[in-house]
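Report on the following structure.
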Amino acid sequence: MERPLAVPPKKGFDMLGVGVTKGYELINSGELESFTIGRARRITTASIEALIDRRLADSKEDR
């Protein structure tokens, strides 16, 4: 199955295992890329994967 390029915020937050407040903090800080189409906000799946990669790299450096 093909991965979507962007997902609604709730789905993106669920993918990361974070709540709505933390999810929007990540968007507002620029750690997650999002955009709007009309009134609908979407988060790019590439930015979700990039966030995971950055956090994994950071945790490896802390060891």
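FYI, it's all coordinate maths here, none of it is from the lab. These figures come from a predicted structure and were not determined experimentally. Every residue, glycine as well, gets a Cβ built from its backbone with ideal geometry; the counts of neighbours run over all protein chains shown.
Quick notes on this one:
One line per residue, one yes/no per condition, for (1) loosely packed, with under 11 Cβ neighbours inside 10 Å; (2) at negative phi; (3) part of a loop (DSSP other than H, G, I, E, B); (4) more than 10 Å from the chain's Cα centre (by Cα):
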| site | (1), (2), (3), (4) |
| --- | --- |
| Lys22 | no, yes, no, yes |
| Ile43 | no, yes, no, no |
| Ser47 | no, yes, no, no |
| Asp53 | yes, yes, no, yes |
| Asp58 | yes, yes, no, yes |
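- Tallying residues that are out of contact with any strand residue (DSSP E or B) (no Cβ under 7 Å at 6 or more places or on another chain) and either of a type in the set (Gly, Ala, Ser) or assigned to a loop (DSSP other than H, G, I, E, B) (or both) within segment 1-13 yields 4.
- Test: residue in segment 14-35 that is touching a strand residue (DSSP E or B) at 6+ places or on another chain (Cβ under 7 Å) and among the basic types (Lys, Arg): no
- Condition broken by Gly30, with the remaining ones in (1) part of a helix (DSSP H, G or I); (2) on the phi > 0 side of the Ramachandran plot satisfied: (1)
- Restricting attention to segment 32-41 and to residues that are surrounded by fewer than 12 Cβ atoms within 10 Å (Cβ to Cβ) and not polar (S, T, N, Q), the residue that is nearest to Pro8 (Cα to Cα) turns out to be Ala40.
- Of all residue pairs spaced 6 or more apart or on separate chains, those with beta-carbon atoms under 7 Å, a first member in segment 42-63 that is within 14 Å of Ile27 (Cβ to Cβ) and a second member that is of a type in the set (S, T, N, Q) are Arg42/Ser34; Ile43/Ser34.
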